[in-house]
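Taking it in order: structure first as structure tokens, then the write-up.
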């Protein structure tokens, strides 16, 4: 299976793509229609019209990877984005999508966050926050 670093962003092209396109054709779609840089390390997912095939395009510092999956039966879930040619999803949602799990019906546990950013202040600010937390 595909293993991606935590910092990898995943984008899905919301319109169907001609699957005769290979690396260069998909790169042109990423630049033109999606307005993204294909060399930034993000993974881009493309579906055919019947949604029984998916191509994943990924840059890895010295070349493009092109992953291709064809379903023998069934279709991939249709993900919709309002007014945008691309939709950003998580690595977990991509995994569920590839495994045939309904992404819309899944939900995160109550105290679970996609991303946490810790902002460090000065020592006095940290001490003030710690003091406020102890008195609260």
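Just to check your reading of the model, which residue among 58, 26, 43 is touching a helix residue (DSSP H, G or I) at 6+ places or on another chain (Cβ under 9 Å) and buried (at least 16 other Cβ atoms within 10 Å of the Cβ)?
Just one listed residue meets the conditions, 43.
Let me confirm something: among 89, 101, which residue is surrounded by 12 or more Cβ atoms within 10 Å (Cβ to Cβ) and either over 23 Å from residue 7 (Cβ atoms) or at pLDDT below 70 (or both)?
Of 89, 101, the one residue that is surrounded by 12 or more Cβ atoms within 10 Å (Cβ to Cβ) and either over 23 Å from residue 7 (Cβ atoms) or at pLDDT below 70 (or both) is 101.
Residue under question is residue 74, and the condition is that it be surrounded by fewer than 10 Cβ atoms within 10 Å (Cβ to Cβ), modelled with pLDDT of 85 or more and more than 18 Å from the chain's Cα centre (by Cα); does it hold?
In short, yes.
The values are calculated or read from the model by the stated rules, or taken from the named source; none is laboratory data. These numbers were taken from a predicted model, which means no experiment stands behind them. Note: ideal-geometry Cβ built from the backbone for every residue, glycine included; neighbour counts use all protein chains shown.
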